[in-house]
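Worksheet: the structure to be examined is printed underneath.
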Ligand code: TYM
């Protein structure tokens, strides 16, 4: 039977975090054998906010090195950089024609900025979910494994594709989002009520995949808990404790209830020690491989070039079909 198609991506606007790993990348690894996979460094998405060219270039290569260090395998999957496949930008324009203003208005990143009264946002920030739809649709994708914050965008992609197919005839496969049961929304260490995001101003709120064991230990030691001194999974009343429990559970692949049972009656010191060990065991081997790839950048460029060539073959066919169906010569 023909394998189904899996597509996912990260945007190089900062360093990859434990949230990116547990919410997305870890899930990708286990699916590499079951699906035909595409993993993309979505660098066209980076300039939706103001970043320098040098910064984006550096983060693109670093994320590629981190993909490989995490265990994504170019022999099994197509791993590539978005800007090396120009079809993404062309399809985006075409999909803009079947996206409604109201839909784009409802996407949280833009809506949040407007709600905060920030007016100096680029039109790209408004339309970037359409670029994300083009990313997914170019490859006839069946599933899109993402963290919770991206589900809204995959839903929009489905709506755009369905409308396009209805208006211009069958063109796109309708994809669906898949989120992990644990780890779909890892929270910040200092602010466990909001997502651990790679562009956060305070690095102590985030565990980065390249952090040293000492840095990880220090950050978890400082993590916010509460004054209840009770180890329980209760996201409403004990968000800090629940976040640490989630991190242990997602790192080790054991149910949260087992971690709670094991730590019941122990203090927050024991919880933090356990979380630290769990994160170090997860990250240390990744960091070592990352350092290898960062000192072999010629290998990175070769992998990106091969990946782009394979990706473009499929992307080009889909783009031609869409153009033909739209009556574009
Ligand atoms: P990005 O780069 O913000 O995040 C990459 C992936 O990591 C997940 N993630 C998290 N999961 C759990 N807890 C967290 N704290 C956390 N932070 C991030 C995200 O949900 C995502 O799966 N627009 C996308 C990139 C993109 C894309 C695509 C994704 C571009 N084109 C096509 C899928 C398909 C983004 O900004 O992800």
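Among the residues of segment 34-54, what is the count of those that are in a helix (DSSP H, G or I) and farther than 26 Å from residue 301 by Cβ? Counting residues in segment 34-54 that are in a helix (DSSP H, G or I) and farther than 26 Å from residue 301 by Cβ gives 0.
Residue under question is residue 10, and the condition is that it be more than 19 Å from residue 87 (Cβ to Cβ), within 13 Å of the ligand (Cβ to nearest atom), touching a strand residue (DSSP E or B) at 6+ places or on another chain (Cβ under 6 Å) and in the same structural domain as residue 178 (by TED's automatic domain parsing); does it hold?
Numbers: more than 19 Å from residue 87 (Cβ to Cβ): yes; within 13 Å of the ligand (Cβ to nearest atom): yes; touching a strand residue (DSSP E or B) at 6+ places or on another chain (Cβ under 6 Å): no; in the same structural domain as residue 178 (by TED's automatic domain parsing): yes.
When the stated conditions are applied, residue 10 does not pass them.
For residues that are in a loop (DSSP other than H, G, I, E, B) and either touching a strand residue (DSSP E or B) at 6+ places or on another chain (Cβ under 9 Å) or more than 12 Å from the ligand (Cβ to nearest atom) (or both), tally how many sit in segment 193-216.
At the first step, the residues of segment 193-216 found to be in a loop (DSSP other than H, G, I, E, B) are 193-194, 196-202, 206-207, 209-212.
From the residues that got through so far, the ones that are either touching a strand residue (DSSP E or B) at 6+ places or on another chain (Cβ under 9 Å) or more than 12 Å from the ligand (Cβ to nearest atom) (or both) too are 193-194, 196-198, 200-202, 206-207, 209-212.
Residues flagged as in a loop (DSSP other than H, G, I, E, B) and either touching a strand residue (DSSP E or B) at 6+ places or on another chain (Cβ under 9 Å) or more than 12 Å from the ligand (Cβ to nearest atom) (or both) within segment 193-216 amount to 14.
Once segment 13-33 is narrowed to residues that are farther than 15 Å from residue 196 by Cα and outside any helix (DSSP H, G or I), the residue that is farthest from the ligand (Cβ to nearest atom) is 33.
Does segment 112-120 contain at least one residue that is surrounded by 16 or more Cβ atoms within 10 Å (Cβ to Cβ) and within 30 Å of residue 313 (Cβ to Cβ)? Step through it out loud before you land on a result.
First, the residues of segment 112-120 that are surrounded by 16 or more Cβ atoms within 10 Å (Cβ to Cβ): 113.
After this cut, where a residue has to be within 30 Å of residue 313 (Cβ to Cβ) as well, the list is none.
Checking segment 112-120: not a single residue is surrounded by 16 or more Cβ atoms within 10 Å (Cβ to Cβ) and within 30 Å of residue 313 (Cβ to Cβ).
Scanning segment 223-265 for residues that are part of a loop (DSSP other than H, G, I, E, B), more than 22 Å from the chain's Cα centre (by Cα) and loosely packed, with under 13 Cβ neighbours inside 10 Å yields a count of 8.
The values are calculated or read from the model by the stated rules, or taken from the named source; none is laboratory data. Note that this is a predicted model, so its numbers are computed, not measured. Cβ sites come from the backbone with ideal geometry, for glycine too, and all protein chains shown count toward neighbours.
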